[in-house]
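The values are calculated or read from the model by the stated rules, or taken from the named source; none is laboratory data. Predicted model, so just to flag it, every value in this text is computed and none were measured. Cβ atoms come from the backbone with ideal geometry, glycine included; neighbour counts cover every protein chain shown. Each accessible area value is taken on the protein alone, full model and side chains, heavy atoms only, with ligands, DNA and RNA left out. Shrake-Rupley method; radii C 1.70, N 1.55, O 1.52, S 1.80 Å.
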Amino acid sequence: MAGSKKSSTPRISTDAAAWEQDVRVGTYTRRSTTEDNQPYSIEAQDARLDSHINSQPGWRHTTSFTDDASGASTERPGLQRALQAARSGVIDVLVVYRVDRFSRNLRDLVTLLDELDRAKVVFRSATEPFDTSTPMGRMLVQMLGMFAQFERDTIIDRVIAGMERKAAKGKWKGGKRPYGYRVDKPTQTLVVDEAEAMVVRAIFDLYTCRRLGARAVAAELNTRGHRASTGREWSGHHVLRILNSRIYLGELTFRDTTVTDTHPPLIDIDIFDRAQSVLEARGESHAHRAANSSDYLLTGRLRCPRCGRAMIGTRATGRSRTYRYYTCFNRARYDADKCDFTRLDADSVDAAVLEALGKFYRTRHDLVSQAIRAQQRRHHDSSSDTRVELDAVTAELAKAQQAIDRYLNAFENGTLDPELLAGRLGELRTKTTQLTTRRDQLTATLANEPTAPEPATLDGIADHIAEIVATGTRTQAKALIEALVAQVAIAGPDRLVPTFRIPQPGNDHGGGGGGGGGGCAPAGGRPPATSRTSWRP
């Protein structure tokens, strides 16, 4: 072969003929996504490939490609670079340790081999005897690919069976841990991460009690300086995932297996159910939102006593007027077969609740005192969560301030670019501002126990209610309900049991904000108090 022109593509024969000289060889190695499924490290594969290349006359190792990924897909960076090198003509042979390192899917393997064949690149395995330049070799490599796929499918079945066994025993099946918990490796169970658990409870409180939307909840968390498990800012999508997850009730579900009491719950079942009701109501109709300025004053505060669904505003048009009702969602959406609870006259219900609200603040100062004492006990019981968050925020603030000091020291020593310093300092100072604000809020929360309003203040609220009832607009009445009515239970077709809120010093008691869900003690500090009233339609 001396003096002959080198072919652009090396050819392999089945006899004793040798390769043409200077064959450019690329190697491809892959490690599985789990060490249990990969007995050979990248280093071991590299050593075996180098030995194989050195044993072949004229072969020259020019480039290496590697991946740390599953062989189930061809979307691997190293593999794609190897194919690009083949198409560009910079390698003549691609060598792997074993066929299953290249692909574990037979269809993908055939496609990859066709692409290498079109690029006139020969495929070789260092441990398996085949030659893809011949029909027999191509058939053999496809058979090896079938066995590789069979092995992969078997591994998948075993992994899924193992996950099902873990789930049945109440153990964490693996994967990304849920926010609010850590995985205890010795027992493979979930344990509470107190700093994150406090954020989870805050999400449910903001959504169900203060009735913030998912994006508004995310914005509030970001303002407080909290970050999601990825380290990024919270989004409405992240918030909704937490609100919909039953894992916070102490449950684990995998496929058709659900096990309860597998780990400490972070959320009470009543709060979780209340969140699901709000999610469902908001998903069905924008008019069901508690913050909606509709002319149905009690939207979001009435639930059907028969089936538990929300009572929504409906209308019926008569000959001379339009009739307004509160109707069970099931009955309005489907029919009376789904729920046969009677419709309530909205005008009568709204008037009865407003009248009871004014009477409560005018005459039931004894109930106000009872509610304040109960809220003071709850404040004391919940202060541990507040202290946990305060400690976490204080620690994060200290870390941010230390980072600022490190950047400034590096700049003074001449080892940090001024532009990089300016950008990073801007981010850190924004974070410290948010954390400082949240720290101050938490400190104030711990310091400010609920206090009973003065009788003169309660009389002033009663006067304000009477003024809005007499001369106010529907929007003002709606804002008043949002501020001072937590929920209204329906005890019968002609009997209501409203739960009112009690304003605290510094809160706006005139309406316009801070509406809450049934039975919640809102973040603004308005303890609930229950008053019973009867009405006739």
Of the conditions (1) part of a helix (DSSP H, G or I); (2) modelled with pLDDT under 80, LEU416 clears all except one; give me its number.
(1)
Can you tell me which residues in the range 47-104 are open to solvent by 60 Å² or more (accessible area, probe 1.4 Å) and in a loop (DSSP other than H, G, I, E, B)?
SER55, PRO57, GLU75, VAL90, ARG98
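The rows are residues; the columns are (1) closer than 26 Å to PRO450 by Cβ; (2) within 29 Å of the chain's Cα centre (by Cα); (3) among the aliphatic types (A, V, I, L, M).
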position	(1), (2), (3)
ALA310	no, yes, yes
ARG331	no, no, no
ASP347	no, no, no
LEU354	yes, no, yes
ILE372	yes, no, yes
LEU390	yes, yes, yes
ARG406	no, no, no
Can you pull out every residue in the range 419-450 that is within 22 Å of ALA371 (Cβ to Cβ), in contact (Cβ under 8 Å) with a residue 12 or more places away in the chain and open to solvent by 60 Å² or more (accessible area, probe 1.4 Å)?
THR445, ASN448, GLU449
Return the residues of the range 120-132 that are buried (at least 18 other Cβ atoms within 10 Å of the Cβ) and either out of contact with any helix residue (DSSP H, G or I) (no Cβ under 9 Å at 6 or more places or on another chain) or modelled with pLDDT of 80 or more (or both); say none if nothing qualifies.
VAL121, VAL122, PHE123, ARG124, SER125, ALA126
Cβ-Cβ distance below 7 Å, separation of 6 or more or different chains: which pairs start in the range 205-231 with a residue that is more than 17 Å from ARG241 (Cβ to Cβ) and end on one that is aromatic (Phe, Trp, Tyr) and at pLDDT below 90?
none
Looking across the range 443-488 at residues that are assigned to a helix (DSSP H, G or I) and of a type in the set (Asp, Glu), the single one that is nearest to LEU297 (Cα to Cα) is GLU482
Which residue is modelled with the lowest pLDDT, if the candidates are limited to the range 319-359 and must be open to solvent by 80 Å² or more (accessible area, probe 1.4 Å) and part of a helix (DSSP H, G or I)?
ARG333
Being in contact with a Lys or Arg (Cβ under 9 Å, 6 or more places away or on another chain) and at positive phi is the filter here; which residues of the range 52-107 pass it?
GLY89
Out of all the residues in the range 224-272, which are among the basic types (Lys, Arg), assigned to a loop (DSSP other than H, G, I, E, B) and open to solvent by 80 Å² or more (accessible area, probe 1.4 Å)?
ARG232, ARG255
Report, by residue number, each residue of the range 175-201 that is in a helix (DSSP H, G or I) and open to solvent by 20 Å² or more (accessible area, probe 1.4 Å).
GLU194, ALA195, GLU196, ARG201
